[in-house]
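Quick notes on the structure that follows.
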Amino acid sequence: MLHVVMYHYVRDLPRTRFPKIKGMLLDDFRTQVRELASQFEMATLESALAYLEGRYSPGRDLCLLTFDDGTAEHYREVTPILAAAGIEGQFFLITECVDEHKVAPVHMNHFLMAALDFSEYRRELTGRMGVTDETVDMAAARRTYGWDTPEVARFKYLFNFVADPARRDAAVAGLFEEKIAPQAEFSRELYVSWEDARAMQSAGQVIGGHTHRHRPLAALGAEELKFDLECCRRLLVEHLRPQPLWPFCYPYGKRASFSDAAVAELKRLGFACSFSTEPGANRPGADLFAIRRVDCKDAPRAAAAA
C-alpha cells in the first residue's frame, strides 16, 4: 500500500507569536520522520505513481510525505530535515500568496482564531459577513474538520464553504489588518518566496500547485476555474526549476470540494496527479487525481505496515 501523510504548520509553536495555531511541533516532526523511515519505504513522487500504475512492486509499504500551503517553515526547518534523511517531500504552494504577497483568507482565519477570543471573533466576523452558522450542515462540518470541536468545525465550515466569498474575504481582511498586521508584511513572513522554493527543489524536494487563490474548486464557475488553475500552473513554470512531474493538491480536499471539471483541467494543464484529504491508504489502480492522505496526527505505524 501507499500511505500519504499530510502536514500543514510544522513549527515550535510555544516559541512563536501564535502558540494556539494547530500544527505539529518540530521535535515531534523529527521523531515521526525517523519512525516512518524505519517502518516504510519512503517514496518519491515517481515511485509512488509507478506503484499506483502497477509499474513498481516495493518490498514493503510505501510512505510519501506532503506539505500544504507553502509556509516558510517548510523551507527553513522541514526541508533541511528531509534532505539530511534523503527523503523527498511534496510541497504545495498557493501561488497568489507567493507571487502577490497576499494572505489566504483561510490562513487569516487561523491566525485570528489563535489571537482572539473565539466567541468574540466569531460574533464580530459573522456580523461583518452578514451570516450565521446556525444553518450549517453539521455532518458535513464534522467530516471536514474532524479534529476540531463541533463549535469550531461549524464556524470553519461556514467560513470556507457557505459564506459568500467576496463578503467573507472583505470581512476577514479588514479584521486581520486591524488585529494582526498588513497582509503584504505578514505574507512575506508566513510563506516561502520563489527563491526559497527553488532552493527546496535544489535540496531534492518537489513543488506542486495548491491553486492560485485557495478556493474550493467545485464552487468555481468554468471561467474562474480555468483562470485559477492556469495562473497556478503558469507561475510554477515561470518561477521554478523544471520538474519531470508536477503534482497538485486540492484546497480542503474532500471529494465534494473538487469536481470532474477541475480534474479535466488539471490533466489538460499537465499535472501528473492530485492529492485529496479523503483518508485511507492507496493501492495499485487508484485514481491518480484523488489520491488519499492521512493527517500527520493519524500517521500509519508499525502495525499498519506489517
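The values are calculated or read from the model by the stated rules, or taken from the named source; none is laboratory data. The shown structure was predicted, so the numbers you read here are calculated from the model rather than taken from an experiment. Virtual Cβ from ideal backbone geometry, glycine too; neighbours counted across all protein chains shown.
Annotations for the structure displayed:
- Residues of the range 103-155 satisfying the condition of being surrounded by fewer than 19 Cβ atoms within 10 Å (Cβ to Cβ), farther than 19 Å from residue 250 by Cβ and of a type in the set (Lys, Arg): 123, 128, 142
- Residue match in the range 76-89 (condition: buried (at least 21 other Cβ atoms within 10 Å of the Cβ) and on the phi > 0 side of the Ramachandran plot): no
- Flag for residue 215 being among the basic types (Lys, Arg) and under 15 Å from the mean Cα position of the chain (by Cα): yes
- The residues on offer are 235, 190, and the sole one that is surrounded by 14 or more Cβ atoms within 10 Å (Cβ to Cβ) and under 21 Å from residue 8 (Cα atoms) is 190.
- Here the helices (runs of 4 or more DSSP H) wholly within the range 44-162 that include at least 1 residues being of a type outside the set (S, T, N, Q) and outside the structural domain of residue 255 (by TED's automatic domain parsing) are 95-100, 105-115, 118-129, 138-144, 150-157.
- Long-range neighbours under 9 Å by Cβ, at least six apart or interchain, first residue among the acidic types (Asp, Glu) within the range 161-181, second exposed (fewer than 14 other Cβ atoms within 10 Å of the Cβ): 164/130
- Some residue of the range 163-178 being aromatic (Phe, Trp, Tyr) and farther than 25 Å from residue 296 by Cα: yes
- The single condition from (1) in contact with a His (Cβ under 9 Å, 6 or more places away or on another chain); (2) in contact (Cβ under 8 Å) with a residue 40 or more places away in the chain; (3) surrounded by 17 or more Cβ atoms within 10 Å (Cβ to Cβ) that residue 228 fails is (2).
- Count of the range 41-89 residues, restricted to those that are under 17 Å from residue 291 (Cβ atoms) and not charged (D, E, K, R), is 20.
- Restricting the range 95-132 to residues that are among the aromatic types (Phe, Trp, Tyr) and either touching a Cys at 6+ places or on another chain (Cβ under 6 Å) or without any contact (Cβ under 8 Å) to a residue 60 or more places away in the chain (or both), the residue that is farthest from residue 22 (Cα to Cα) is 121.
- Restricting the first member to the range 17-32 and to residues that are surrounded by 14 or more Cβ atoms within 10 Å (Cβ to Cβ), and the second to residues that are assigned to a helix (DSSP H, G or I) and of a type in the set (Phe, Trp, Tyr), the beta-carbon pairs closer than 8 Å and six or more apart or on different chains are 18/111; 21/111.
- The set of residues in the range 222-240 being more than 11 Å from residue 99 (Cα to Cα) and either among the hydrophobic types (A, V, I, L, M, F, W, C) or modelled with pLDDT under 95 (or both) consists of 222, 225, 227, 229, 237, 240.
- Counting the residues of the range 193-224 that are at positive phi and surrounded by fewer than 17 Cβ atoms within 10 Å (Cβ to Cβ) gives 1.
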